[in-house]
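All remarks here apply to the structure that follows.
The values are calculated or read from the model by the stated rules, or taken from the named source; none is laboratory data. It should be emphasised that the depicted structure is a prediction, and the values quoted were computed from it without experimental measurement. Cβ placement follows ideal geometry from the backbone for every residue including glycine, while neighbour counts extend to all protein chains displayed.
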Amino acid sequence: METSSLVIGGGVAGVAAALALADNGSQVYLIETEPSIGGWAASFCCKATDVCTKCSVCVVPQKLQQVAIHPHISILTDSMVAGLSGGIGNFKVEVLQKPQYIPPERCIACGMCAEVCPTEPKAIRSPSPEAVPYSYVLDESRCLRLKGETCDLCRDICPTNAIDFNHEPEKKELGVGAIIVATGFEVFDAREMGCLGYGRYPNVLTGLDLERIFNREGYLKLPSNGKDPKKVAFVQCIGSRDESHGYCSQVCCKYAIRFARLIKYQNPNAEVTIFYIDLQTAGKGFAQFYEECQKNIRFVRGLPVEVLGTSSGELEVRFENISEGTVKRETFDVVALSVGISPKKDSWDLARTLGINLGECGFFDAKEPLNSNETNVEGIFLAGTCQGPRDIPDSIAHGMAAAQSAMEVLERCK
Amino acid sequence: MQIRIGVFLCDCGKSLSNIDFPKVSERAEKLQDVVHVGLHSNLCLKEGIEEMLSTIRDGAIDRVVIAACSPKLKEDAFRNALEEAGLNSNFLSLANIREQCSWAHEGDVTEKALELTAMAVERARFLKPLVKKDVPVNKEVLVVGGGFAGMKVALDLANLGLRTTLVERGLALGGRLEGFETNPAVPINSMRKAIEENRDIEVLTSAELTRGEGEVGDFSIRIKKGDEELSRSFGAIIFATGYRPEISPGDFQLRPGVNLISQEKLTEILKAPERLELRPKTIGFVLDVSDENCRLPTLSALNDALAVKERLGSEVYVFCKSLKVDSEGVEEVYREARDRGVVFVKFEERPRICSEDGRVKVELNDILLGDEITVFCDFLVAEERIMPSEGTEALSSILKMRIDSRGFCQDENVHLYPVSCERKGIFCVGACRGDLDIARASTDVAAAVLSTYELLASGTAIVEAERVKVDPEKCRVCLTCIRVCPHGAIRLVRVDTEREVAQISDLACEGCGICAAICPAKAIDFEGYGDEQILAEVQAIGESL
Amino acid sequence: MIRGNNKIVAFCCENSAYLAADKAGRMRLHYPDNVRIIRVPCVGRVDLIHILKAFEKGAAGVLLIGCHEGACQHLTGNTRAKERAAYARNLLKEVGIDEARLRMANIAPDMAQQFVREIEDMTEKTKER
């Protein structure tokens, strides 16, 4: 019987699960397809104005660091599950690791490889500032050497001889007693709603774009001309509560309101409007904040149906103001689409490999409503948004709950 | 005794080209008590650490200063390395000459690198050893609140081999969900039975906490049960005290009565519809008048609306401002309700509610229609305000715990979510934290159970002994530190027949140093961030070398 | 410390400001090199004497950078630091040191740009003219 466990996915939920298990003395394998852990939350931004707005993004860095140094956690990046056999207490997991041309345990992040890389854009890029492990990454599609050309510049200059182009994909077999699936979500592709202009107009952004912009720059400037925003519109329920997404993504109203408040705080003369169907403002620590926001943010019930660019570079939004019962056109300089949480399209593959079910909405199916961590396969549990939309604190809770279920399995195995 | 400081500089694979390392090395050698300065290129790798270790052993170095990348990356690894070399892991002082020096500035930063190194050297001078120690912890757990969440905590903990005492203020276990058909359904009866049969769970009903002292691993609790007062000790405490629903008549301009009914009353009706004299033609649910930002009333209204359709066949109206659908499965229920003919009426301004002809008249502006409408309901189910359970404030003061801005357990600080409190070893689960549905409460329970298990299961906890310590000689017993410690980690202990002094629990201490800063007698030493250490760093800035 | 070097001492909380400073370095956001960061577990650890010693030794400016109100892991650390800084400013006024030389700022770990701005602002304010 195996007493170690596998966590598939190094986002907030997977990390919470891994830490909970490891702190209890279990050996945990944390596998992650990306070169670094942290998932979406690691790239998000703090949304505080002069006070904290409870977005919970700041809890992530500490957890990632704890995972990185934990003696009981082995992180396998660039890795995915390729096969599964066995059963509860005794799973045999086949893990496929992409060739790590720059193994993170050898990279000291000096950056010299990127300096000498001849391609434009560079085939070797620095990790994002929040990346754990903090090591450089090679983009296979741009690397001259991997495309068959002669180039050893990075390998020759690397002071630790970390770079090795002879690396092959590696197959590892892990024996674990329990498995936690924490593969996260995909963001709804706003281009699917063509009428709203995402991808067509530079000043139509998604909530995800805002996270990245604030994380990197600390403030929002119009992508088109770098000026300060004056009239901002948020559009809710993009990819949620519609025909193909019969659920509420739970996070969008809150992040939109937080961003709206932040933009207003940074640009006191800006007009900020939020277009919504039903405003989701419940939850610990939010009500007070929302009441504050009602003073200087305009809430309009009714979703825009069309966003068109004007000749002056503004965005004309056509919407029905349900409360007033009128159809209007208004111009804004930025339109932010509050995109929702969608199940990952490749969940299918993992579901097949592990033998777990997908639910109606495409998320992994929990066996019963009272225990949303259990799957139809004993010993395999779900954590986080891969089971359904939830925010950061709920994802952490869900990850810990999955760990508790896994722990019960492992205790029985001892 | 002469200390022997070894300084290890890392040039990160020789990439930190804006630092003149030989110059830094030369000047560092001149610092007092520095017996060795070494230049390395990859201290973070195994081979770099090995090099450093052999130098430490050979040179009998007893304080290690490393000027390299951010401590956030390798501090832990370096501390482990020191242990390997036979040195106390606390004899390490780090200078961040990469992220906060070489990478942060244009041009030559040699002077700054040298200063940062000097600061670390000065700090190293004042480091003292820290020893890890095992402290025993009481493995018993106190669970306060015998509703669904409390019962589940007790059962799950017992499953894992931890004994719990379940204290319930009421006459019996069961809580607020007893008798309700919830969605998801909760097996209250079977849980209660399982608890009764479980020898690892002690149930105390009609019981309340009266006193709480101590910290994690060692809480002393007094429980009043009837005339008796019991004294117990616990290692951890879990609050599952639920919420209190309240109907504010003012919100409805009507007194609850025959027609304005509570959810409980509706449940009674639904259980035995045949008892009604007249089948109600129309039942209305009103939401968002007591509290616009609450989920629970929406969840119960939606489930009840479906049940009404099924069992009574009445017309059903749901009056609301914004439907709270941000919980799993709720959008589905909403759509089903709509499909079954439940009419959702959205308003912007509060509806006007009054009694007329023995029915409830609801007048409002339907924003979808854009018109004033009037609906007569035989029953109007009043929205409940979700309030903290009675006695939450008292309990929070017994255990010196914060409550949030609405009076619920657990401060709104996101670092505490999901279930922790600012005091280690105390957890809050479920609706006692606020407006939480059953599914979320269930997840809370699992998270708290695991955290508790981690704390107590082995019967001991590893701590850094006396990392933050009150000097009993200097303590003036002003109680400031006790009042100020945000984690409730300090208590008064008797040192002899005459004196009591403040003492910090190693296990409960979270290492913030707020006590050390506030102590008027400067009686508190914080190893690693002591006054001597910080002042030494400050003094080293800009000192001519 | 020699006045005229325009040294800024920044007491940085290890949960927020210190991480933001690391991030600024990782992003190669260059800022003035006169700042010396002292890592503290919580900005509430910073005592009056630490602040005063910095000025005594010739610091041009002192920054206390911690977490946002409501986000301090130790709940009250940042509020205490704010109060202490206010008290210290009064003391500094009495000895003729401009209040603007001591500032308490609140940031989150991802706010590299804001960290840099704080350093640049303080440097600008305290520049020897």
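Name the one entry in C:Asn15, C:Asn78 that is outside any loop (DSSP other than H, G, I, E, B), closer than 23 Å to B:Ile524 by Cβ and of a type in the set (S, T, N, Q).
C:Asn78
If you scan segment A:110-123, which residues turn out to be of a type outside the set (Asp, Glu), away from chain B (no Cβ under 14 Å) and either outside any loop (DSSP other than H, G, I, E, B) or surrounded by fewer than 17 Cβ atoms within 10 Å (Cβ to Cβ) (or both)?
Within segment A:110-123, the subset of a type outside the set (Asp, Glu) is A:110-114, A:116-119, A:121-123.
Restricting the remaining residues to those that are away from chain B (no Cβ under 14 Å) gives A:117-119, A:121-123.
Across segment A:110-123, the qualifying residues are A:Pro118, A:Thr119, A:Pro121.
I'd like the residue in segment C:83-102 that is out of contact with any Phe, Trp or Tyr (no Cβ under 7 Å at 6 or more places or on another chain) and surrounded by 18 or more Cβ atoms within 10 Å (Cβ to Cβ) and, out of all such residues, is farthest from the other protein chains (Cβ to nearest Cβ). Please lay out each step first, then the result.
Our first condition is that a residue be out of contact with any Phe, Trp or Tyr (no Cβ under 7 Å at 6 or more places or on another chain); within segment C:83-102, this holds for C:83-91, C:93-96, C:98-102.
Still in the running and surrounded by 18 or more Cβ atoms within 10 Å (Cβ to Cβ): C:84-85, C:88-89, C:101-102.
Values: C:Arg84: 7, C:Ala85: 12, C:Ala88: 12, C:Arg89: 17, C:Arg101: 15, C:Leu102: 14 Å.
Among those residues, the one meeting the criterion is C:Arg89.
Somewhere in segment A:40-57, is a residue away from every other protein chain (no Cβ under 11 Å), aliphatic (A, V, I, L, M) and within 24 Å of A:Ile102 (Cα to Cα)?
no
Going through segment B:393-409 one residue at a time, which ones are within 14 Å of chain A (Cβ to nearest Cβ) and either in contact (Cβ under 8 Å) with a residue 24 or more places away in the chain or among the aromatic types (Phe, Trp, Tyr) (or both)?
Scanning segment B:393-409 gives B:Asp404, B:Arg406, B:Phe408, B:Cys409.
Residues that are more than 14 Å from chain C (Cβ to nearest Cβ), on the phi < 0 side of the Ramachandran plot and out of contact with any helix residue (DSSP H, G or I) (no Cβ under 9 Å at 6 or more places or on another chain): list the strands (runs of 3 or more DSSP E) wholly contained in segment B:445-519 that include at least 2 such residues.
B:460-464, B:490-494, B:500-504
Consider only pairs whose beta carbons are under 7 Å apart and that are at least six residues apart or on different chains; among these, list those whose first residue lies in segment A:398-414 and is crowded, with 24+ Cβ neighbours inside 10 Å and whose second residue is basic (Lys, Arg).
The qualifying pairs are A:His398/A:Arg390.
If we only count strands (runs of 3 or more DSSP E) wholly inside segment B:1-89, which ones have 3 or more residues that are aliphatic (A, V, I, L, M), crowded, with 23+ Cβ neighbours inside 10 Å and in contact (Cβ under 8 Å) with a residue 24 or more places away in the chain? Steps first, answer last, please.
Working: elements: B:5-10, B:34-40, B:63-68.
Those strands (runs of 3 or more DSSP E) span B:5-10, B:63-68.
Using the structure shown, decide if B:Cys509 is crowded, with 20+ Cβ neighbours inside 10 Å, under 17 Å from B:Gly214 (Cβ atoms) and modelled with pLDDT of 95 or more.
When the stated conditions are applied, B:Cys509 passes them.
List, please: which pairs have Cβ atoms under 7 Å, are six or more places apart or on different chains, and start with a residue in segment B:343-360 that is within 14 Å of chain A (Cβ to nearest Cβ) and surrounded by fewer than 16 Cβ atoms within 10 Å (Cβ to Cβ) and end with one that is in a strand (DSSP E or B) and not hydroxyl-bearing (Ser, Thr, Tyr)?
What qualifies is B:Glu348/B:Asn365; B:Glu349/B:Asn365.
Name the pairs whose Cβ atoms lie under 8 Å apart, with the first residue in segment A:3-18 and under 17 Å from A:Gln65 (Cα atoms), the second charged (D, E, K, R) and not in a helix (DSSP H, G or I), and 6 or more positions between them or separate chains?
If the second residue must be charged (D, E, K, R) and not in a helix (DSSP H, G or I), the pairs left are A:Gly9/A:Glu32; A:Gly10/A:Glu32; A:Gly10/A:Glu34; A:Gly14/A:Glu32.
Can you say whether B:Ala118 is in a helix (DSSP H, G or I) and either closer than 20 Å to C:Val40 by Cβ or not basic (Lys, Arg) (or both), as far as the supplied structure shows?
So B:Ala118 fits the description; yes.
Output the number of residues of segment B:162-201 satisfying the condition of being free of Cβ contacts under 8 Å to residues at least 12 places away in the same chain and small (Gly, Ala, Ser).
Number satisfying all stated conditions: 2.
Find the residue count for segment A:129-169, including only residues that are in a loop (DSSP other than H, G, I, E, B) and within 14 Å of chain B (Cβ to nearest Cβ).
Residues flagged as in a loop (DSSP other than H, G, I, E, B) and within 14 Å of chain B (Cβ to nearest Cβ) within segment A:129-169 amount to 13.
Check every one of the strands (runs of 3 or more DSSP E) wholly within segment B:220-310 and list those with 3 or more residues that are surrounded by 22 or more Cβ atoms within 10 Å (Cβ to Cβ).
Strands (runs of 3 or more DSSP E) meeting the threshold: B:236-239, B:282-286.
Just to verify a result, which residue in segment A:211-255, among those that are more than 17 Å from A:Phe319 (Cβ to Cβ) and among the small types (Gly, Ala, Ser), is nearest to the chain's Cα centre (by Cα)?
Across segment A:211-255, the extreme among qualifying residues is A:Ser249.
Which condition number in (1) facing chain C (nearest Cβ under 10 Å); (2) surrounded by fewer than 23 Cβ atoms within 10 Å (Cβ to Cβ); (3) at pLDDT 95 or above; (4) in a helix (DSSP H, G or I) is the one that B:Glu111 fails?
(3)
Could you list, in sequence order, the residues of segment B:63-89 that are within 33 Å of the chain's Cα centre (by Cα) and either aromatic (Phe, Trp, Tyr) or within 14 Å of chain C (Cβ to nearest Cβ) (or both)?
B:Cys69, B:Ser70, B:Pro71, B:Lys72, B:Leu73, B:Lys74, B:Glu75, B:Asp76, B:Phe78 - these are the residues of segment B:63-89 that are within 33 Å of the chain's Cα centre (by Cα) and either aromatic (Phe, Trp, Tyr) or within 14 Å of chain C (Cβ to nearest Cβ) (or both).
Condition (residue is within 17 Å of the chain's Cα centre (by Cα) and more than 11 Å from every other protein chain (Cβ to nearest Cβ)) applied to segment A:312-331: is it met by at least one residue? Don't jump to the end; show me each part of the working.
Of all residues in segment A:312-331, those within 17 Å of the chain's Cα centre (by Cα) come to none.
So far as segment A:312-331 goes, no, none of its residues is within 17 Å of the chain's Cα centre (by Cα) and more than 11 Å from every other protein chain (Cβ to nearest Cβ).
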